[in-house]
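Heads up: the structure comes next, in structure tokens.
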Amino acid sequence: MLFDDPVYASRLLTLLTLSFHIIYATIGVGVPLMIMIAQWIGIKKNDNHYILMARRWAKGFVVTVAVGVVTGTIIGLQLSLLWPRFMELAGNIIALPLFMEVFAFFFEAIFLGIYLYTWDRFDNPKKHFLLLIPVALGAGMSAFFITIVNSFMNSPGGFDIVNGQLMNANPLAAMFTASMPTKVSHVLATAYMTVAFMLAAIAAFKLIKGSNHEYHKKALYMTMKVGLVFAIATALIGDLSGKYLAEYQSEKLAAAEWHFETEEGAPLLMYGVLDENQEVKYAIQVPFALSILAHGNPTSEVIGLNEFPVEEQPPLVIHYFFDTMVTIGGFMIFLSLVYWIGIKRSWPFVKANWYRWLIVLGGPLSFLAIEAGWWMAEVGRQPWILRGIMTVDQAATTSEYVGHMFILFAGLYLVLGIGTVVVLRRIFKNDPVEKELEKMQGGDPS
Amino acid sequence: MSLEILGMSVLWLFLFGYVIVGSIDYGAGFFNAHSIITGKQHILSKIIQRYLSPVWEVTNVFFVFFFVGIVGFFPQSAYYFGTILLIPGSIGLILLAIRGSYYAFESYGTSGHRGYAFMYGASGLLIPASLSIVLTISEGGFVSLVDGNPVLDYVALFTSPLTWSIVVLSIAAVLYISAVFLTWYANKTGDVKATDLMRKYAIGWSIPLIIAASGIIYELSSHNEEHFSRIMDLWWMFALSFVLWLGTVWLLWKRKNYGLAFGFLVGQFALAFFAYGISHYPYLLYPHLTIYEGFTNTAMAISLVVVFILGMALLLPSLYLLLKLFLFDKNYVQGNKNKEE
Ligand code: HDD
Ligand code: HEM
Ligand code: HEM
């Protein structure tokens, strides 16, 4: 399959590259905001711990940004290499946000370079802080623009097809399509949420490993609080995404929910398996919940998958992606909420090691939710690359050797992934917090 | 000026920007690796690190700008070039990835890994070589349409002398541009040893450069006569470019005004690059695709141009700030305030 079917190989390679890039992209979107918050608190409270937090995060960020830029460049060019027919069409309608994204990168790259290399060049630390604003803004705008492109693929708009010819292209209308508001906001909220929990996981891990430093406690409390806010936002927007799907891409929602027959007052299914007759077994049923997710009304009608021709039905595996995402979302809200209340009320167990292990687990879980979310959104769009207009078979390259390229890139990502971990560990091992604090001000945190 | 030409000019300008800033970066990597192998690391590494680390991401965006822009302005080129370039493009991407990660992985590793520095240096030559293949392909003769889909003839491509002259030119150009720039930069930092070394490299690479460039024009006379005759119509641009090349070499020889020498070099390459571009007009890919057939719709073209102007209004001041802080700041350049984390 991999070596003799360019369509299949292109899909796998796209899956691989995007799944890898999204890890770094998420970090790239989220970390600047976290650095900003920490540095701002540090300047406000005149607390060196927070300044050091910003500094250390920025240091690690250099490494992940580099890999983010590299993998982003790869996916940018690979879109043309693997999906030439799609890019030819897309170039006519949706090139504008792609082009804007480049400016966002430019903007971010310039100020990031300045920010990273000027820690001690300003007498007034607020000036240095100001440099972060364009960095965070640029990163957010990158995500904003690229997600607009993805929204367009899910709900194309801004042009007419007359006799198979593309007419009346309207680049602005193509940017503001039906799925754009929920998609963009969900992607941004999840990036901030995930990065907050990733940093919380690191702080919790340090505390478990015996460091009892104030620094880690402050970091943990702050990141869990930020994470909670964005986790709640994520769930709320996720609910709106469901309503979008019900209205515009009902086949995706139906496939994700194994909802075959159109019915009113539909239940939500979690987990379970399908037997050979497409009967759902061992699933947890939440009565009326699917109708609520779809239309905000427990008795409303939800369209079932059987309404769609078989060749247009998305793969049913996306049910598990959806479950994974939602389960993790719920779990993270619960975990961070209990932690926050626990700290306020001085419940001892939130400081216990087993609770901290759960927080450590939350970091990788959040990334898993991001991956699951994208897999559900993209695999759930199958067989379309541009929903209702172009299928992946029509879009894929006709070149040979795509499968070989897959092997090549898989090797590359392996090296990059291992490299990131090794280098990050080395940086922080050589410079533990305690030592850096001493360097800053004789260990005195104020 | 028609929108087609405006779009192409903007892209060509950015590609030119990438050729210059990218060459500086690629060549520096090569000189860095070379100096490690010959045990002269102490002379060059510091300069290379100080200049390149803060700006490499910006360099990369020039490249991204070009390939995103060309899909926007000329969507059909995505189809033609995307289909043919799967393998050369993928190899170029992998090399780019090795380089990009170098800054992250190596400037933090406590002890530089020799193997990585070596790959980094080698990729600095291989990337321009692999990217330059696109120029060769665009000259036509290597692509045929099979069932309506473009197919690249690798055997013809790799046995053509044109291909190899362009590869040699790209490598010579990278090393020459980089060496002249680093001579100037090292001189600014007041590092006499590094300046002398780079000056020697710069003069050394000026000759292969001009030989390779003439060689290509000669190859074209038989490979693509139409293009060749259009180049001849523009002989005066190439002649001017040659004069500027003489100027650079003369200044280097006399150890005078390295800043002006680099200025001449930019002028030399700009003239040659645009003369080549103009003579290539109107083809993107001989003889299959011209900028007129491949152009996007008017609404998209206008909005791209508007975004470009707005984007430039944002970028130029920021770029100026970056250069002011790192390239033209005396203290930073000389390493006095070099407290990078
Ligand atoms: C930390 C990650 C994360 C978490 C906890 C959630 N999501 Fe999500 N979700 C994403 C990360 C994500 C994502 C990666 O950002 C996706 C993929 C494509 C997209 O637009 O966003 C996504 C897509 C996505 C879609 C598909 C949109 C489309 O295909 O157009 C729906 C319906 C939801 N989400 C709903 C939810 C609900 C109801 C959640 C309940 C808590 C939830 N998500 C939590
Ligand atoms: C935001 C811009 C994005 C664009 C323009 C985009 C584009 C594409 C394209 C062209 C394909 C190939 C066609 C297909 O197989 O459906 C694809 C597939 C895929 N993408 Fe996206 N994508 C985007 C975001 C993402 C991200 C961030 C992920 C992260 C994991 C992702 C995950 C996938 C997966 C898993 C597939 C394979 C689906 C399959 O073929 O079964 N996508 N995407
Ligand atoms: C098909 C989808 C995508 C394409 C074509 C793409 C393209 C790129 C490119 C070309 C770069 C490098 C830019 C540079 O040279 O500086 C990059 C980096 C980046 N991308 Fe992606 N990208 C995609 C998906 C995404 C998604 C879905 C997000 C966010 C949710 C994202 C966020 C970022 C960020 C923040 C960076 C900056 C690097 C960093 O800070 O780590 N990208 N991307």
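The values are calculated or read from the model by the stated rules, or taken from the named source; none is laboratory data. What you are looking at is a predicted structure, and each value in this text was computed from that prediction instead of being measured. Heads up, the Cβs are rebuilt from the backbone with ideal geometry, glycines too, and the neighbour counts pull from every protein chain shown. All accessible areas refer to the heavy atoms of the entire protein, side chains included, with ligands and DNA or RNA removed. Shrake-Rupley method; radii C 1.70, N 1.55, O 1.52, S 1.80 Å.
Determine if the stretch A:116-137 includes at least one residue that is within 16 Å of ligand 1 (Cβ to nearest atom) and either over 23 Å from A:T26 (Cβ atoms) or more than 8 Å from chain B (Cβ to nearest Cβ) (or both). No, every residue in the stretch A:116-137 fails to be within 16 Å of ligand 1 (Cβ to nearest atom) and either over 23 Å from A:T26 (Cβ atoms) or more than 8 Å from chain B (Cβ to nearest Cβ) (or both). If you check A:L268 against the conditions, is it farther than 30 Å from A:A352 by Cα and out of contact with any strand residue (DSSP E or B) (no Cβ under 6 Å at 6 or more places or on another chain)? The answer is no for A:L268. Residues that are touching a residue at least 24 places away in the same chain (Cβ under 8 Å) and assigned to a loop (DSSP other than H, G, I, E, B) within the stretch B:238-280 comprise just one, B:R255.
Taken over the stretch A:338-362, residues that are open to solvent by 70 Å² or more (accessible area, probe 1.4 Å) and aliphatic (A, V, I, L, M) amount to 1.
Can you find a residue that is without any contact (Cβ under 8 Å) to a residue 12 or more places away in the chain and either among the polar types (S, T, N, Q) or open to solvent by less than 70 Å² (accessible area, probe 1.4 Å) (or both) anywhere in the stretch B:162-179? Among the residues of the stretch B:162-179, not one is without any contact (Cβ under 8 Å) to a residue 12 or more places away in the chain and either among the polar types (S, T, N, Q) or open to solvent by less than 70 Å² (accessible area, probe 1.4 Å) (or both), which makes the answer no.
Evaluating A:M175 against the criteria (1) at pLDDT below 90; (2) open to solvent by 10 Å² or more (accessible area, probe 1.4 Å); (3) not assigned by TED's automatic domain parsing to the domain that holds A:L335 leaves one unmet condition, (2).
From the list A:M180, A:M198, the lone residue that is without any contact (Cβ under 8 Å) to a residue 40 or more places away in the chain, under 19 Å from the mean Cα position of the chain (by Cα) and within 16 Å of ligand 3 (Cβ to nearest atom) is A:M180. Taking the conditions (1) within 27 Å of A:V62 (Cα to Cα); (2) more than 11 Å from ligand 1 (Cβ to nearest atom); (3) among the small types (G, A, S) in turn, A:A189 satisfies each one other than (2).
So which residues in the stretch A:4-33 are more than 16 Å from ligand 3 (Cβ to nearest atom) and within 14 Å of another protein chain (Cβ to nearest Cβ)?
Pass one, the stretch A:4-33, residues more than 16 Å from ligand 3 (Cβ to nearest atom): A:4-9.
The answer is A:P6, A:V7, A:A9.
Would you mind stating whether B:L85 is more than 22 Å from B:I20 (Cα to Cα), modelled with pLDDT of 80 or more and open to solvent by 20 Å² or more (accessible area, probe 1.4 Å)?
Numbers: more than 22 Å from B:I20 (Cα to Cα): yes; modelled with pLDDT of 80 or more: yes; open to solvent by 20 Å² or more (accessible area, probe 1.4 Å): yes.
Judged against the criteria, B:L85 is a match.
Evaluated against (1) at pLDDT below 85; (2) more than 14 Å from chain A (Cβ to nearest Cβ), B:L13 falls short on exactly one condition, (1). When B:V19 is tested against (1) at pLDDT 85 or above; (2) closer than 17 Å to B:A122 by Cα; (3) aliphatic (A, V, I, L, M), only condition (2) is not met.
Can you confirm whether A:V226 is among the aliphatic types (A, V, I, L, M), buried (at least 16 other Cβ atoms within 10 Å of the Cβ) and over 26 Å from A:L424 (Cα atoms)?
Working: among the aliphatic types (A, V, I, L, M): yes; buried (at least 16 other Cβ atoms within 10 Å of the Cβ): yes; over 26 Å from A:L424 (Cα atoms): no.
No, not satisfied.
Every condition in (1) of a type in the set (G, A, S); (2) more than 13 Å from ligand 3 (Cβ to nearest atom); (3) in contact with an Asp or Glu (Cβ under 8 Å, 6 or more places away or on another chain) is met by A:G113 except one, and the failing one is (2).
For residues in the stretch B:227-237 being under 17 Å from B:A270 (Cα atoms) and free of Cβ contacts under 8 Å to residues at least 12 places away in the same chain, which is most open to solvent (accessible area, probe 1.4 Å)? Quick ask: steps written out before the conclusion?
Residues of the stretch B:227-237 under 17 Å from B:A270 (Cα atoms): B:231, B:234-237.
With free of Cβ contacts under 8 Å to residues at least 12 places away in the same chain added as a condition, the list becomes B:235-236.
Values: B:W235: 161, B:W236: 125 Å².
Step by step, filter the stretch B:227-237, then rank; the result is B:W235.
Reported count of residues in the stretch B:190-199, each being surrounded by 19 or more Cβ atoms within 10 Å (Cβ to Cβ) and in a helix (DSSP H, G or I), is 5. Of all the listed residues (A:M100, A:M36), the sole one being at the interface with chain B (Cβ under 7 Å from one of its Cβ atoms), open to solvent by 30 Å² or more (accessible area, probe 1.4 Å), more than 16 Å from ligand 1 (Cβ to nearest atom) and under 21 Å from the mean Cα position of the chain (by Cα) is A:M100.
For (1) at pLDDT 85 or above; (2) crowded, with 21+ Cβ neighbours inside 10 Å; (3) within 14 Å of chain A (Cβ to nearest Cβ), each residue gets a yes or a no:
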{"position": "B:L265", "(1), (2), (3)": "yes, yes, no"}
{"position": "B:L271", "(1), (2), (3)": "yes, yes, no"}
{"position": "B:F274", "(1), (2), (3)": "yes, no, no"}
{"position": "B:Y281", "(1), (2), (3)": "no, no, no"}
{"position": "B:L284", "(1), (2), (3)": "no, yes, yes"}
{"position": "B:H288", "(1), (2), (3)": "no, no, yes"}
{"position": "B:E293", "(1), (2), (3)": "no, no, yes"}
{"position": "B:T296", "(1), (2), (3)": "no, yes, yes"}
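Check the stretch A:235-252 and report whether any residue there is within 16 Å of ligand 3 (Cβ to nearest atom), under 17 Å from A:M180 (Cα atoms), buried (at least 16 other Cβ atoms within 10 Å of the Cβ) and of a type outside the set (G, A, S).
In the first step, residues of the stretch A:235-252 are kept if they are within 16 Å of ligand 3 (Cβ to nearest atom); the result is A:237-238, A:241.
If we keep only those that are under 17 Å from A:M180 (Cα atoms) too, we end up with A:237-238, A:241.
Restricting the remaining residues to those that are buried (at least 16 other Cβ atoms within 10 Å of the Cβ) gives A:237-238, A:241.
The next check asks that each one be of a type outside the set (G, A, S); those that pass are A:237.
Yes.
Exactly one residue out of A:F86, A:F111 is buried (at least 21 other Cβ atoms within 10 Å of the Cβ), under 16 Å from A:R387 (Cβ atoms) and facing chain B (nearest Cβ under 9 Å): that is A:F86.
Looking at A:W340, is it at pLDDT 85 or above, over 21 Å from A:Y192 (Cα atoms) and aromatic (F, W, Y)? Walk me through it before giving the result.
Values: at pLDDT 85 or above: yes; over 21 Å from A:Y192 (Cα atoms): no; aromatic (F, W, Y): yes.
So A:W340 fails the test.
With the stretch B:71-188 as the region, which helices (runs of 4 or more DSSP H) entirely inside it contain at least 3 residues that are under 19 Å from the mean Cα position of the chain (by Cα)? Spell out the reasoning first.
On the way: elements: B:75-84, B:86-106, B:114-138, B:154-159.
Correct list: B:86-106, B:114-138.
Condition check: open to solvent by 30 Å² or more (accessible area, probe 1.4 Å), at pLDDT below 95 and under 13 Å from the mean Cα position of the chain (by Cα). Does A:L2 satisfy that? Before you say what the answer is, go through the steps one by one.
Working: open to solvent by 30 Å² or more (accessible area, probe 1.4 Å): yes; at pLDDT below 95: yes; under 13 Å from the mean Cα position of the chain (by Cα): no.
No.
The residue pairs whose first member lies in the stretch A:359-379 and is within 14 Å of chain B (Cβ to nearest Cβ) and more than 15 Å from A:D323 (Cα to Cα), whose second member is open to solvent by 40 Å² or more (accessible area, probe 1.4 Å) and within 9 Å of ligand 2 (Cβ to nearest atom), and whose beta carbons are closer than 8 Å, counting only pairs six or more residues apart or on different chains, do not exist in this structure.
What number of residues within the stretch A:39-59 satisfy the criterion of being within 10 Å of another protein chain (Cβ to nearest Cβ) and open to solvent by less than 10 Å² (accessible area, probe 1.4 Å)? Here the count works out to 1.
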